[in-house]
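Remarks on the structure that follows.
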Amino acid sequence: MLKHVVKAIPPDTEPRSRYSLMTYHTSELEQVSRTWAGLASNFIGACFDRAKPYLDKDFSGIDQNVRFVSAQLYIDCQLTSESVLILIREAKEWDADLLNRSVMEGSLKYVYMLLGTPEEIHMKVKEYWEILPTFSDIKHSERADRLISKLPKSDSLEWQPFRDLVLRDEEIDALRKEYTRAQRQELEERWSFSGISKQFMQSENAGLQLFGGMAHGYGMSSHLLHKDADGIGMVWERTKRSPHRQAAVTLGHAARVVSDVCTFAQLRLLYLLKLCGGDTSCIRELENDYTLVFKQLKNANTQFNWVEYGPMPNGDISENKK
């Protein structure tokens with residue numbers, strides 16, 4: 001069974017039977033994850049290399065403020081993507097999912113930021129970089145002020161970082177007068193993951209609709225992030241599965257996260273090139289260069305579906321359904 005998924009494993013480590021999957025979890029299966037992580041790291045690195053000329057401070061093809069702000073978001077998503085793959089390499093699929101959630105949201109905001117007319121893009125950049133942070137400043141100030149008020153020695157040097165967050169009353173009043181509560185809520189909602197997802201789902205662009213439809217995965221990873229009962233329960237439930245089911249879901253989980261990271265890298269590059277007038281055909285060329293790993297990732301997902309749900313296209317029945 002495993003041989004249909006793990007093409008990256010050397011021939012002499014092919015499984016002896018479909019029931020011996022778990023015996024490879026700590027060796028061959030982890031080797032597969034390391035292989036995927038390495039190839040995916042090369043792929044997103046190649047995407048970043050194509051993007052660098054347009055992110056550079058000397059690129060003058062777009063408004064410089066738009067270039068600067070969007071470049072910071074692009075680079076940050078790239079760095080976190082690399083961290084995701086490090087966790088996959090170390091067989092930390094659940095933790096990788098948490099960072100993948102961040103990359104997903106950052107990539108969603110990046111694409112949203114670069115959509116529209118030059119005037120609309122300029123306004124979105126201002127909202128993201130200048131306006132929304134002022135709303136957060138008020139919240140940070142209120143939290144810091146509450147903390148300081150409870151401290152016995154609030155004037156101690158160790159609390160200076162918190163005192164620096166506290167705004168003067170006139171500063172808070174000025175910020176609140178510029179934007180009403182309703183205006184602040186509307187802007188924050190529009191830039192939230194759910195808000196952008198809704199906009200993408202209403203788009204006529206099939207790719208944006210698909211991207212917007214990832215809200216379910218984002219919500220599921222939220223359970224992991226907040227360590228609620230659903231999140232802890234998902235992790236616990238996996239440990240109770242039979243060996244071959246554990247192996248299939250572990251590979252499928254790793255494959256999905258790796259695939260996500262690669263897809264987000266492609267999307268960021270695509271919309272950067274569109275904005276800057278670059279040749280988008282390089283994305284297809286890069287994908288062709290890494291056809292093997294993308295086939296492996298797809299095979300892992302197919303294998304998981306067969307084990308859990310079945311039947312396969314050839315009529316085989318899932319082991320889980322027998």
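The values are calculated or read from the model by the stated rules, or taken from the named source; none is laboratory data. Bear in mind the structure is a predicted one, so any value in this text is a computation, not a measurement. Neighbour counts run over all protein chains shown; Cβ positions are idealised from the backbone, glycine included.
Selection of segment 118-154 for residues being hydrophobic (A, V, I, L, M, F, W, C), in contact (Cβ under 8 Å) with a residue 24 or more places away in the chain and within 18 Å of Ser192 (Cβ to Cβ) yields Val125, Trp129, Ile131, Leu132, Phe135, Ile138. Among the residues that make up segment 238-249, is at least one of them in a helix (DSSP H, G or I) and either touching a Gly at 6+ places or on another chain (Cβ under 7 Å) or among the hydroxyl-bearing types (Ser, Thr, Tyr) (or both)? Looking through segment 238-249, at least one residue is in a helix (DSSP H, G or I) and either touching a Gly at 6+ places or on another chain (Cβ under 7 Å) or among the hydroxyl-bearing types (Ser, Thr, Tyr) (or both).
Of the residues examined, Gln72 is one that is out of contact with any Asp or Glu (no Cβ under 9 Å at 6 or more places or on another chain), surrounded by fewer than 17 Cβ atoms within 10 Å (Cβ to Cβ) and either modelled with pLDDT of 95 or more or farther than 27 Å from Leu272 by Cα (or both). Residues of segment 276-309 that are farther than 19 Å from Ala46 by Cα, more than 22 Å from the chain's Cα centre (by Cα) and buried (at least 17 other Cβ atoms within 10 Å of the Cβ): Gln303, Trp306, Val307. Residues that are assigned to a helix (DSSP H, G or I) and either exposed (fewer than 13 other Cβ atoms within 10 Å of the Cβ) or at positive phi (or both) within segment 197-206 comprise just one, Ala206. Taking the criterion of being of a type in the set (Gly, Ala, Ser) and touching a residue at least 12 places away in the same chain (Cβ under 8 Å), the residues of segment 243-294 that qualify are Ala247, Ala248, Gly252, Ala254, Ala255, Ser259, Ala265, Gly277, Gly278.
Does Val235 qualify as being touching a residue at least 40 places away in the same chain (Cβ under 8 Å), of a type outside the set (S, T, N, Q), within 23 Å of Val84 (Cβ to Cβ) and loosely packed, with under 15 Cβ neighbours inside 10 Å? It is true that Val235 is touching a residue at least 40 places away in the same chain (Cβ under 8 Å), of a type outside the set (S, T, N, Q), within 23 Å of Val84 (Cβ to Cβ) and loosely packed, with under 15 Cβ neighbours inside 10 Å.
Just one of the numbered conditions (1) among the small types (Gly, Ala, Ser); (2) touching a residue at least 60 places away in the same chain (Cβ under 8 Å); (3) part of a helix (DSSP H, G or I); (4) surrounded by fewer than 20 Cβ atoms within 10 Å (Cβ to Cβ) is not true of Gly61: (3). Residues in segment 163-184 that are of a type in the set (Val, Ile, Thr) and surrounded by 14 or more Cβ atoms within 10 Å (Cβ to Cβ) were compared, and the one that is farthest from Lys150 (Cα to Cα) is Ile172. Kindly check whether there is at least one residue in segment 154-164 that is in a helix (DSSP H, G or I) and small (Gly, Ala, Ser). There is no residue in segment 154-164 that is in a helix (DSSP H, G or I) and small (Gly, Ala, Ser).
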